[in-house]
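Chemist: Below is a structure I'd like to ask you about.
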């Protein structure tokens, strides 16, 4: 799984060199932010169901046409799958917080997503809306510390940008 440490080592190895000072500073920065990332992962994990449900509701509120017959959210099965996908993205963000890199999102959430959504005729804008709501919903110090919220929001932005 890709993390800051594995990325630095792989890059240095591919170049046939030892990690540089800037490589090591990058690793050190990641380690220094690890407490905030773990706090964010813990808070997200404790509230995953509520955050996912609120994000789903916000998405459907903005795009109510999705509930129309023949649309992406028109049956109970489709609704369940949409809610599941939002929860899946949030869980991947939690994994990224733990490992300190975007590996889980890259490998399990982003790779091939556009092709899958295009093949299934699924719009990505509702997922962007759901993740944007989750980003806006977060509040320091109510939900987590300011630094933990920065780490969480950075990964939400990464996921949102991949879907945009």
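The values are calculated or read from the model by the stated rules, or taken from the named source; none is laboratory data. None of the values given here were measured: they were computed from a predicted structure. Counting neighbours? That spans all protein chains shown, and the Cβs are built from the backbone with ideal geometry, glycine included.
Chemist: Of the residues 54, 71, only one is surrounded by fewer than 19 Cβ atoms within 10 Å (Cβ to Cβ), farther than 21 Å from residue 7 by Cα and at pLDDT 95 or above; which?
Modeler: Answer to the check: 54.
Chemist: Oh, and also: List pairs: first residue in the range 119-143 and free of Cβ contacts under 8 Å to residues at least 12 places away in the same chain, second residue in a helix (DSSP H, G or I) and exposed (fewer than 15 other Cβ atoms within 10 Å of the Cβ) anywhere in the structure, Cβ distance under 6 angstrom, at least six positions apart or on different chains.
Modeler: Filtered contacts from the range 119-143: 140/146.
Chemist: Which fully enclosed helices (runs of 4 or more DSSP H) of the range 70-162 have 3 or more residues being touching a helix residue (DSSP H, G or I) at 6+ places or on another chain (Cβ under 8 Å)?
Modeler: Helices (runs of 4 or more DSSP H) meeting the threshold: 76-99, 125-137.
Chemist: Of the residues that make up the range 81-102, is at least one more than 19 Å from residue 159 (Cβ to Cβ) and at pLDDT 90 or above?
Modeler: No - not one qualifying residue is present in the range 81-102.
Chemist: If only one of 38, 44 is surrounded by 18 or more Cβ atoms within 10 Å (Cβ to Cβ), modelled with pLDDT of 95 or more, in the same structural domain as residue 106 (by TED's automatic domain parsing) and in a helix (DSSP H, G or I), which one is it? Break it down stepwise before answering.
Modeler: On the way: 38 fails: surrounded by 18 or more Cβ atoms within 10 Å (Cβ to Cβ).
When all the criteria are applied, what remains is 44.
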